[in-house]
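Values in this text are rule-based calculations from the coordinates and carry no lab data. What you see is a predicted model; the values in this text were computed from it and never measured. Please note: Cβ atoms are built from the backbone with ideal geometry, for glycine as well, and neighbour counts cover all protein chains shown.
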Amino acid sequence: AQRVTQPEKLLSVFKGAPVELKCNYSYSGSPELFWYVQYSRQRLQLLLRHISRESIKGFTADLNKGETSFHLKKPFAQEEDSAMYYCALSRAYNTDKLIFGTGTRLQVFP
Amino acid sequence: EAEVAQSPRYKITEKSQAVAFWCDPISGHATLYWYRQILGQGPELLVQFQDESVVDDSQLPKDRFSAERLKGVDSTLKIQPAELGDSAMYLCASSRTDHNEKLFFGSGTQLSVL
């Protein structure tokens with residue numbers, strides 16, 4: 001069965017510090033990986049997906065199939081990055097549901 | 001920008017009562033999802049519709065939960081009877097297609113069962 005693990009419930013950094021939110025997955029096939037974000041009092045929304053290979057709000061994530069990881073990174077954290085971040089997986093080329101991790105709360109202090 | 005609408009925003013009920021949640025997806029979105037999010041956990045899919053047809057309801061507790069999308073537009077999720085363990089946030093999401101397209105989420109319905 002597919003599973004997504006986010007080992008950190010809370011990550012606290014100071015503004016300007018680098019950020020890495022960890023995500024590991026288990027799936028023997030070819031996955032599609034996503035990062036969703038929920039800012040305070042806002043809806044859950046897509047931040048980025050690995051097939052797009054794009055940087056959104058300074059965040060990037062690289063799919064490492066060897067380590068089965070999809071860590072989210074940003075070189076310089078901003079206070080407005082404070083939010084709940086969820087890693088999610090679905091099976092590629094399939095009409096499949098998204099499987100979410102338990103989420104990591106990022107706190108960026110001034 | 002169009003949004004997924006959900007109502008009510010909050011619902012408090014006693015156990016053994018019936019509750020219903022409503023979702024109106026973004027116009028033109030063929031796929032509709034109901035997710036349940038228990039405090040401290042990530043969202044878990046309950047049911048997925050493609051137009052009016054159920055694509056996946058493998059995690060839906062069918063003895064007490066039901067979902068419908070009769071005209072392939074808005075949808076209703078019902079719980080009867082509600083149990084204490086049903087207390088959670090119920091999220092609706094929609095997407096243009098069912099092939100891992102971007103999901104747009106509603107604000108959710110926070111259910112408390114007393």
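List of remarks:
- Calculated on the alpha-carbon coordinates, the convex hull of the range B:1-105 measures out at 103 cubic angstrom per residue.
- Chain A, Rg to Rh (Cα coordinates; Rh as Kirkwood inverse mean 1/r): 0.96
- Candidates per trypsin sites (Lys or Arg not before Pro) in the range A:34-87, loop by DSSP, up to 14 other Cβ within 10 Å: A:ARG41, A:ARG53, A:LYS57, A:LYS65
- Three principal axis lengths of the range B:55-111 [C-alpha, angstrom, descending]: 34, 22, 20
- Spatially proximal lysines relative to B:LYS15 (Cα-Cα < 26 Å; intrachain offsets below 8 disregarded): B:LYS62, B:LYS78
- Exceeding the 32 Å Cα-Cα cut-off - candidates A:LYS22/B:LYS11; A:LYS9/B:LYS102; A:LYS57/B:LYS71; B:LYS11/B:LYS102: A:LYS22/B:LYS11; A:LYS57/B:LYS71
- The protein assembly as shown - charge dipole about Cα centre, Lys and Arg +1 at Cβ, Asp and Glu -1, debye rounded to 20: 400
- The translational diffusion coefficient of the protein assembly as shown, from Stokes-Einstein at 4 °C and 1.567 mPa s with a Kirkwood hydrodynamic radius over alpha carbon pairs, comes to 72 µm²/s.
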